[in-house]
Every structure is written in C-alpha cells, then in structure tokens.
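What follows is calculated from the coordinates using simple rules that are stated; it is not laboratory data. Since the model is a prediction, treat every value here as computed from it, not as a measurement. Every residue, glycine among them, receives a Cβ derived from its backbone with ideal geometry; neighbour counts consider all protein chains shown.
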Amino acid sequence: MASHRPKLSTKAKVITALIYILALALLVAVIYLNLNPSGKDPMDLLEDTLHQDKTVSTTVEVPYNAEGSDKYANIEPIYSISDITLREGADGSLTAYKDGVVADSYTGVAKKEEGVWYFVRDGKVDSNYNGIAANEKGNWYIADGKVDFTYTGTFQVNNDEYNIVGGKVVEE
C-alpha cells in the first residue's frame, strides 16, 4: 500500500524551509562559537593566523643550586608581609595564609615569629632555597629557606654580587 501524504501548501513549504534554514544557522553559530570563543570576526582570525610570529619562545626554569639564586630578588610580592601569616601543618610544613585562606599565589619573604623569617614560594615555605629573595622591606639573604640575619658579606650569583649586612642586601 502506498501511503499518501497530504500536499503542503506553498505557505507551509516556505515555513518548513525557513525552519530548516534557522536550524542550520543555529548549528553553524554553535560550532563557530565553540571554535572561536573570543567572538572575533573570522577574517580577523585568518589575518591573525597568517601574520602570526612564527618564532617560538620558551622560558627555561633554571633551578637554584647550592650556590644559590637571585630569581626572587627585587620582586614585588602581591601581599604586604603584615597580611601574611605562616601556619604549621600537621606534617610540620609551613603554609602562608591571608585572611584565613591559603595564599598559594604569594612568593616572597614572610615572618613566622619575631626574628624568624622564611622564603615562601607559591604559598609554601621552601626550606631548600638558598639565595636572594624579597618582600616590601627589601632583598634578603636566604640560607636553607630562612633569612640569615647573622650573615654579613657578599653573595654572588652569576655575574651579580650582592653586599649583605645582617642578612639584608644593602647594595647590589
């Protein structure tokens, strides 16, 4: 048996075609937005791609060693040292807190208690660090993760020499 569908009027055919076109446009828009979340014009994206700098730059993290590092000298920590509290965890590690929340974006020198200052990297005290690190009070000589207030002398990293008095860099 052959099935008979009623013939669509011209108006119904136009409406059906519009629905298909709108559905297709919506599908294209969803795909475009997923591939181009910035919302840039496709021609601008093509232009950016064609004129993109083809050089590749990489940052090499040079690890510090027994001689030390000055990678953390002259940095401007994101928090004041008066805003940072160091707390000891159950495992004995020290973690930086700001307003009761772990300050995992803090890198610099912070005080645990009077006369005991530590180098903090990404919110955790790094007891292996030897070198120069900063807070808003200046640059400090760090030995095994702590400011060494007893050290007076020079500290050399690569071609840079730091003059230190009582643990503080006084001249570079």
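Note down the net charge around V109, summing +1 for each Lys or Arg and -1 for each Asp or Glu among other residues with Cβ under 10 Å from its Cβ. Mind showing how you got there, number by number?
Numbers: positive: K111, K137, K146; negative: E136.
My count for the surroundings of V109 gives +2.
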Kirkwood Rh for the stretch 87-172 from C-alpha pairs, in Å, is 13.2
For the stretch 69-171: lysine pairs with Cα atoms under 18 Å, gap of 8 or more or different chains, count? 19
Work through the residues other than K146 whose Cβ is under 15 Å from its Cβ and net out their charges, Lys, Arg +1 and Asp, Glu -1. -1
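How about the stretch 79-150: which GluC sites (Glu not before Pro) there lie in a loop by DSSP and see at most 16 other Cβ atoms within 10 Å? Could the numbers behind the result be given before it?
Numbers: sites: E88, E113, E114, E136; in loops: E114, E136.
For GluC sites (Glu not before Pro) across the stretch 79-150 that sit outside H, G, I, E and B with at most 16 neighbouring Cβ atoms in 10 Å, the list reads E114, E136.
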So if each residue of separation counts as 0.36 nm, and I subtract the Cα-Cα distance between T16 and E114, what length gain in nm does that give? 27.4 nm
